1. When the stretch 100-155 is examined, which residues are found to be among the small types (Gly, Ala, Ser), assigned to a helix (DSSP H, G or I) and under 21 Å from PHE55 (Cα atoms)?
2. Tell me, yes or no, whether the stretch 107-114 has at least one residue that is of a type in the set (Phe, Trp, Tyr), surrounded by 14 or more Cβ atoms within 10 Å (Cβ to Cβ) and touching a residue at least 40 places away in the same chain (Cβ under 8 Å).
3. Within the stretch 33-45, can you find the residues that are out of contact with any His (no Cβ under 8 Å at 6 or more places or on another chain), assigned to a loop (DSSP other than H, G, I, E, B) and either surrounded by 10 or more Cβ atoms within 10 Å (Cβ to Cβ) or at pLDDT 90 or above (or both)?
4. I need every pair where a residue in the stretch 44-65 that is at negative phi has its Cβ under 8 Å from the Cβ of a residue that is among the aromatic types (Phe, Trp, Tyr) and assigned to a helix (DSSP H, G or I), sequence separation at least 6 or different chains.
5. In the set LEU131, LEU144, which member is more than 26 Å from ALA81 (Cβ to Cβ), over 22 Å from the mean Cα position of the chain (by Cα) and either surrounded by 12 or more Cβ atoms within 10 Å (Cβ to Cβ) or touching a residue at least 24 places away in the same chain (Cβ under 8 Å) (or both)?
Amino acid sequence: MFKIIIGMMCLVLAIFFGTPMMVSGEEPEDIMSLPLGKIIIEPPKSVTPKRPPSFLTHSLHFGYKCTVCHHTWEYNTQIKACMAPECHELTVAPKKSKKSDADPPPMIMYYMRAYHKQCIICHLELKRDNLALEMSFKVLKEKLPPTGPTGCIECHPKEEE
């Protein structure tokens, strides 16, 4: 009987406190929502792409800390887009001028370099780790984790006709 009373109280509280959110259709600002499915990774609109866009399956990366990719995120702030000002905003790879002693901006500011370095390096490290486990001849309880694509065609599949 006690469990039924507690259950009814929880139901009443859920209806009472949940109704304003359901009626307004808005989420409170302090709730974080994660994109699911495939995220399209493409160059800025000002850049003519040389290859089709890449796709990131966000849910396959939930085992990693968010700050591995969103490295400037401070947990209590909105996550900025990768090509936001002061992040990876350059649309052309920087080149050092022979006439000037000034250093170009760091290569990592170039959006394509940032994506390639982040994604490909991580996937290559996973492949290396899997290979080391395979060569160790240890009996594993679980399958080796998937490594992700590392080649141009794997990351940038041609659009189906």
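The values are calculated or read from the model by the stated rules, or taken from the named source; none is laboratory data. All figures in this text were calculated on a predicted structure; none of them were measured in a lab. Backbone-built Cβ (ideal geometry, glycine too); neighbour counts: all protein chains shown.
1. To start, the set of residues in the stretch 100-155 that are among the small types (Gly, Ala, Ser) comprises 100, 102, 114, 132, 136, 148, 151.
Narrowing the set further to residues that are assigned to a helix (DSSP H, G or I) leaves 114, 132.
ALA114 - this is the single residue of the stretch 100-155 that is among the small types (Gly, Ala, Ser), assigned to a helix (DSSP H, G or I) and under 21 Å from PHE55 (Cα atoms).
2. Checked against the condition, which is being of a type in the set (Phe, Trp, Tyr), surrounded by 14 or more Cβ atoms within 10 Å (Cβ to Cβ) and touching a residue at least 40 places away in the same chain (Cβ under 8 Å), the stretch 107-114 yields at least one hit.
3. Result: GLU42, PRO43, PRO44.
4. As it stands, the answer is PRO44/TYR111; SER54/TYR115, since those pairs meet every condition given.
5. Residue meeting the stated conditions: LEU131.
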